[in-house]
Structure formats: structure tokens, C-alpha cells
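Visitor: If you scroll down you'll find the structure; I have some questions about it.
The values are calculated or read from the model by the stated rules, or taken from the named source; none is laboratory data. On a predicted model such as this, the values are computed, not experimentally measured, just so you know. Heads up, the Cβs are rebuilt from the backbone with ideal geometry, glycines too, and the neighbour counts pull from every protein chain shown.
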Amino acid sequence: MNDHPILFTRQNVRAILADKKTKTRRLSGLADVNEKPDIWNFHGTGVLGYMAKSSAKGKFGAYFDTEKLEPRTMNICPQLFPYGKVGDHLWVKETFAKAPKGFIYRADYKDGHGDSVIDLPTGETLPLVWKPSIFMPRAASRLTLEITDVRVERLDSISIDDIYAEGCPPISSDEHASELYEWYSVLWDSLNGKKKGLSWDKSPWVWVISFMKI
């Protein structure tokens with residue numbers, strides 16, 4: 001079992017803490033698939049097929065079970081997955097700050113607040129310097145997740161159950177499904193939409209990582 005860092009936004013950290021988020025979709029390790037799809041090709045027959053990068057002589061590849069998986073879903077081999085394997089741990093990196101008693105976390109504060117903290121022993125108000133999640137050391141992390149499943153699929157293949165597992169709040173209306181997909185597409189584009197070819201409407205290949213909080 002190994003530890004691997006993973007970044008989450010404040011919104012997602014809050015959802016994990018509230019036990020409302022148990023899946024995340026990521027792009028890392030799939031750049032060749034999404035940026036240069038012309039050099040990838042599917043081949044093989046029977047139950048097991050193989051997707052190989054022609055210039056890598058099989059160093060990278062993806063296996064998919066044509067009987068058990070949808071055509072737009074595949075199981076990818078470990079060499080491409082940057083977060084370890086099932087059973088490994090992910091330690092969450094989030095926006096944080098050093099405080100007199102250790103660390104505090106931006107996700108614990110409402111937007112527009114939390115620029116200072118009161119030192120209880122002295123009553124002194126101390127300014128906070130929030131540090132981006134990328135700079136969080138392991139010792140400051142308060143959340144550890146265990147990987148329970150990994151697969152790869154097209155982004156728009158996400159199911160309604162998976163949208164809820166991504167942390168979507170309950171939606172109840174006559175346009176239930178469309179509102180759910182609208183919520184997730186907006187969330188995805190806010191994080192990845194500026195990356196060429198990786199917006200919701202382009203439906204890139206993504207990792208689907210299932211996890212449980214430990």
C-alpha cells in the first residue's frame with residue numbers, strides 16, 4: 001500500500017467531509033489519448049480487446065472487456081494511472097494556512113471570510129496567509145482516502161448515480177436528469193474547461209476513481 005497526493009477544491013473537500021463525495025474524475029496520465037487520438041487504435045477480437053499506442057510498442061495500453069463494459073468504457077493498465085492502484089491511499093491536498101495551533105483549512109470557512117484567526121490564549125487577531133493546495137505538505141493533510149475502484153470512460157458517459165457520487169446536492173424537479181448533468185458539466189468546465197479539447201462538450205477520456213474516506 002502506497003500514499004499518493006491528490007488535489008481537491010474547497011467545494012469537493014466539503015463534500016468529502018460530509019460523506020457526499022465518493023468519486024472523482026481526473027485527466028492525468030491520459031494526455032496522449034486525448035491530445036493525439038490518431039495514434040491510438042482499438043484492435044483485437046473476442047472478450048478482451050487492446051488499445052495500444054503504436055509508437056510505444058505496447059508499453060502503454062488499455063484493456064477493455066467487451067462483454068461486461070459499455071463500448072465507451074475501458075479498464076486501463078496500471079502504467080497509465082498516476083495515483084497507484086486499488087487499495088492505495090490518496091492524501092488530500094487543499095488550500096491551507098499555518099495557525100498558532102497547527103493548520104487550518106480554507107474549506108472550513110465561508111467564501112469571503114477567514115482572512116484572520118483569533119489566538120484564544122492571547123485574544124490577538126492574527127492574519128492568515130492562505131497557501132495553494134499544491135504546496136501542502138503531507139503533515140498538513142487531514143484527509144486520507146482509500147482507492148476502491150478505477151476505470152476509464154468518456155466524460156459524458158457519467159451516470160446519474162455517479163453525478164451524485166461526485167458530490168451533487170439532491171435535485172428534485174420535472175427536469176431531474178437534465179439539471180444533474182447541467183450541474184456536473186458546469187463543475188467540470190470550471191476546473192478543466194480552459195484546457196484545449198477537455199471541456200464537457202468534447203467528452204475526453206477520464207479516470208473514474210472511487211474511494212472511501214479513512
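Visitor: Out of everything in the range 96-107 that is touching a Phe, Trp or Tyr at 6+ places or on another chain (Cβ under 8 Å) and either assigned by TED's automatic domain parsing to the domain that holds Gln11 or without any contact (Cβ under 8 Å) to a residue 60 or more places away in the chain (or both), what residue ends up being surrounded by the most Cβ atoms within 10 Å (Cβ to Cβ)?
Guide: Of everything passing the filter in the range 96-107, Phe96 is surrounded by the most Cβ atoms within 10 Å (Cβ to Cβ).
Visitor: Can you tell me which of Asp189, Asp156, Asp162, Asp201 is outside any loop (DSSP other than H, G, I, E, B), in the same structural domain as Pro82 (by TED's automatic domain parsing), acidic (Asp, Glu) and loosely packed, with under 14 Cβ neighbours inside 10 Å?
Guide: Asp201
Visitor: Another question, then. Can you tell me which residue in the range 165-186 is surrounded by the fewest Cβ atoms within 10 Å (Cβ to Cβ), limited to those that are farther than 17 Å from Thr22 by Cα and among the acidic types (Asp, Glu)?
Guide: Asp174
Visitor: If I filter the range 172-186 for residues that are touching a residue at least 60 places away in the same chain (Cβ under 8 Å) and within 19 Å of Leu7 (Cα to Cα), do I get at least one hit?
Guide: no
Visitor: Hey, among Gly193, Gly167, which residue is under 15 Å from the mean Cα position of the chain (by Cα) and either among the acidic types (Asp, Glu) or under 18 Å from Leu30 (Cα atoms) (or both)? Step through it out loud before you land on a result.
Guide: Numbers: Gly167 fails: either among the acidic types (Asp, Glu) or under 18 Å from Leu30 (Cα atoms) (or both).
Among Gly193, Gly167, only Gly193 is under 15 Å from the mean Cα position of the chain (by Cα) and either among the acidic types (Asp, Glu) or under 18 Å from Leu30 (Cα atoms) (or both).
Visitor: Has the range 115-124 got any residue that is in contact with an Asp or Glu (Cβ under 9 Å, 6 or more places away or on another chain) and free of Cβ contacts under 8 Å to residues at least 40 places away in the same chain?
Guide: Yes.
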